[in-house]
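Here it is, the structure, as structure tokens.
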Amino acid sequence: VTTGKLRDVLRALEVLPANLPKFDTESAPSDPVTLFLTWLANAMENKIAGPHAIALSTADGSGWVSSRMVLCKDVDESGRWYFSSDAMSMKGRELCANPHAAALFYWQQLGRQVRVRGEVATMGREASAADFLARPSVSRAVALVGRQSEPLDDPTELEAAFRRAKAEVDADPALVLPNWTLYALAAETVEFWQASHERRHTRLQYLRTADGWEKRLLWP
Ligand SMILES: Cc1cc2nc3c(=O)[nH]c(=O)nc-3n(C[C@H](O)[C@H](O)[C@H](O)COP(=O)(O)O)c2cc1C
């Protein structure tokens, strides 16, 4: 693809599958977690790859925004979405300076997105350690190497650091990276978006209130 033609190539791409599910907002549950779990189950039934992958956006203290993928580790009844990372990574440092984030799930084959926005809190040492120990040993070793998001001047340094970390993990399966952190994003708003071929997409937003959740439809 050459850049001169890119515009035409992009315009010709298919975005939505032929069959899209219907979204009956009238019968939607009164809380977003129940609906999220139904949609996630649908995504898994439809064999969508990485249905628990989230595009997570954070901002630093000056308002610069960055996004990256993370994995959703859990969702609880109170409307908290969990993910984990190294607190010393860019996202960890940004969340420390500005504990607000947005999380986006996108299930292309269903024409669905779910957008979660809210405040992020760090969970305690114990919960973070449990999350770390549940990771495969290679993932634990990579995390142990640390320095996530720092410039890497020499890739051979990484190999050596990884081998040392892997040996440490193998020698002590209970080893926990102290900076490993389980984060909980407490939703203030959750939006469920269902594409339609007529482009009258259906959007249902839940807003957290003092005593539960309020629902409203949004213009597409
Ligand atoms: C599908 C997918 C899942 C990922 N899951 C995680 C994760 O759960 N935690 C994590 O720290 N990084 C995860 N990563 C790597 C991040 O996208 C990112 O490269 C890394 O965390 C550094 O981000 P930062 O510099 O913004 O802190 C994942 C990447 C992909 C593509």
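Each value in this text was obtained by applying a stated rule to the coordinates, not by laboratory testing. None of the values given here were measured: they were computed from a predicted structure. Cβ atoms come from the backbone with ideal geometry, glycine included; neighbour counts cover every protein chain shown.
Out of the stretch 1-90, which trypsin sites (Lys or Arg not before Pro) are coil in DSSP terms and have no more than 13 other C-beta atoms within 10 Å? Don't jump to the answer; show the numbers that get you there.
Numbers: sites: Lys5, Arg7, Arg11, Lys22, Lys47, Arg68, Lys73, Arg80; in loops: Lys22, Lys47, Lys73.
For trypsin sites (Lys or Arg not before Pro) across the stretch 1-90 that sit outside H, G, I, E and B with at most 13 neighbouring Cβ atoms in 10 Å, the list reads Lys22, Lys47.
Let me ask another. Binning at 5 angstrom from zero up to the longest distance, how are the C-alpha pair distances of the stretch 1-68 distributed in percent?
It works out to 3, 10, 12, 13, 14, 17, 15, 10, 4, 1, in whole percents.
Right, another one. Can you compute the radius of gyration and Dmax for the stretch 77-214, using only the Cα atoms, both in Å?
Spelled out, the Cα radius of gyration and Dmax of the stretch 77-214 are 18.9, 59 Å.
Which semi-axes, in whole Å and largest first, does the equivalent ellipsoid of the stretch 90-160 have when worked out from the alpha carbon gyration tensor as the square roots of 5 times its eigenvalues? Before the final figure, lay out each step's value.
Working: eigenvalues 147, 66, 53 Å².
After diagonalising the Cα gyration tensor, the semi-axes are 27, 18, 16 Å.
With point charges of +1 on the Cβ of Lys and Arg and -1 on the Cβ of Asp and Glu, referenced to the Cα centre of the stretch 28-136, which listed residue (Tyr82, Leu71, Pro29) lies farthest in the positive direction of the dipole?
About the Cα centre, the residue reaching furthest to the positive side is Leu71.
Here is a further query. What does the highest-first list of 206-213, 50-57, 163-170 look like by mean Cβ count within 10 Å? Can you show the working numbers first?
On the way: 206-213: 13.0, 50-57: 18.0, 163-170: 15.0.
Highest mean packing first, the order is 50-57, 163-170, 206-213.
Still on this model: Can you give the helix-only mean residue ellipticity at 222 nm for the chain, where every DSSP H stretch with n ≥ 4 adds -39500 (n - 2.57) and the sum goes over all residues, rounded to the nearest 500 deg cm²/dmol?
Values: 6 runs with 67 residues, N = 220.
The helix contribution divided over the chain gives -9500 deg cm²/dmol.
Of the listed pairs Lys22/Lys47; Lys47/Lys91; Lys22/Lys91, which have alpha-carbon separations greater than 24 Å here?
On the way: Lys22/Lys47 18 Å; Lys47/Lys91 29 Å; Lys22/Lys91 36 Å.
Distance filter (> 24 Å) returns Lys47/Lys91; Lys22/Lys91.
Now for a separate question. Measuring from centroid to centroid over Cα atoms, what is the spacing of the stretch 109-155 and the stretch 59-74 in Å?
11 Å
Pairs of alpha-carbon atoms within less than 8 angstrom and 6+ residues apart define the contacts here; what relative contact order does the chain have, in percent?
On the way: 367 pairs, mean separation 49.3, N = 220.
The value is 22 percent.
Give me the aspartates and glutamates in straight-line cross-link reach of Lys5: C-alpha distance below 20 Å, same-chain residues under 8 apart excluded.
By straight Cα distance, Lys5 reaches Glu14.
So what is log10(I(q)/I(0)) for the stretch 1-122 at q = 0.09, 0.10 1/Å, when the Debye sum runs over its Cα atoms only?
-0.34, -0.42
Ala102: net charge of surrounding residues, Cβ under 13 Å, Lys/Arg +1, Asp/Glu -1, itself excluded?
Working: positive: Arg68, Lys91, Arg115, Arg117; negative: Glu94, Glu119, Glu188, Glu191.
Surrounding charge for Ala102 is 0.
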